[in-house]
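Enquirer: Supplied in structure tokens, the structure appears directly below.
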Amino acid sequence: MESPIHETPFSIDVDRRGDTAVVSLAGSCTMTVSKRLGDTLRELAGEKHRVIILDLSDVDFIESSGLGGI
């Protein structure tokens, strides 16, 4: 059975600005990308950024496992 959800390609863009990191996400955030998202956020936390901003304005779908990556 085909899924009723149309997934669009997912991308993560990180812009480091001093002690702040802006993480812009785009596309469908699903189970298949949640580990990559979590790994990216853990890496940024390990770099000791005081502020990590998530820009979700271009995310067109997010499922519970995608939220788990956050």
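For (1) aliphatic (A, V, I, L, M); (2) farther than 13 Å from residue 59 by Cα; (3) modelled with pLDDT of 90 or more, each residue gets a yes or a no:
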{"site": "3", "(1), (2), (3)": "no, yes, no"}
{"site": "14", "(1), (2), (3)": "yes, yes, yes"}
{"site": "19", "(1), (2), (3)": "no, yes, yes"}
{"site": "22", "(1), (2), (3)": "yes, yes, yes"}
{"site": "26", "(1), (2), (3)": "yes, no, yes"}
{"site": "36", "(1), (2), (3)": "no, yes, yes"}
{"site": "43", "(1), (2), (3)": "no, yes, yes"}
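Enquirer: Would you check which residues across segment 4-59 are in contact with a Gly (Cβ under 6 Å, 6 or more places away or on another chain) and open to solvent by 100 Å² or more (accessible area, probe 1.4 Å) and list them?
Expert: 9, the sole residue that qualifies.
Enquirer: Under 6 Å between Cβ atoms, at least 6 apart or on separate chains: pull out the pairs that start in segment 28-47 with a residue that is over 12 Å from residue 11 (Cα atoms) and end on any residue that is open to solvent by 20 Å² or more (accessible area, probe 1.4 Å).
Expert: 31/65; 44/52
The values are calculated or read from the model by the stated rules, or taken from the named source; none is laboratory data. Here the structure is a predicted model, which is why all the values come from computation and not from measurement. All Cβ positions, glycine included, derive from the backbone under ideal geometry; neighbour counts span all protein chains shown. Only protein heavy atoms, including side chains, enter the accessible area calculation; ligands, DNA and RNA are left aside. Shrake-Rupley method; radii C 1.70, N 1.55, O 1.52, S 1.80 Å.
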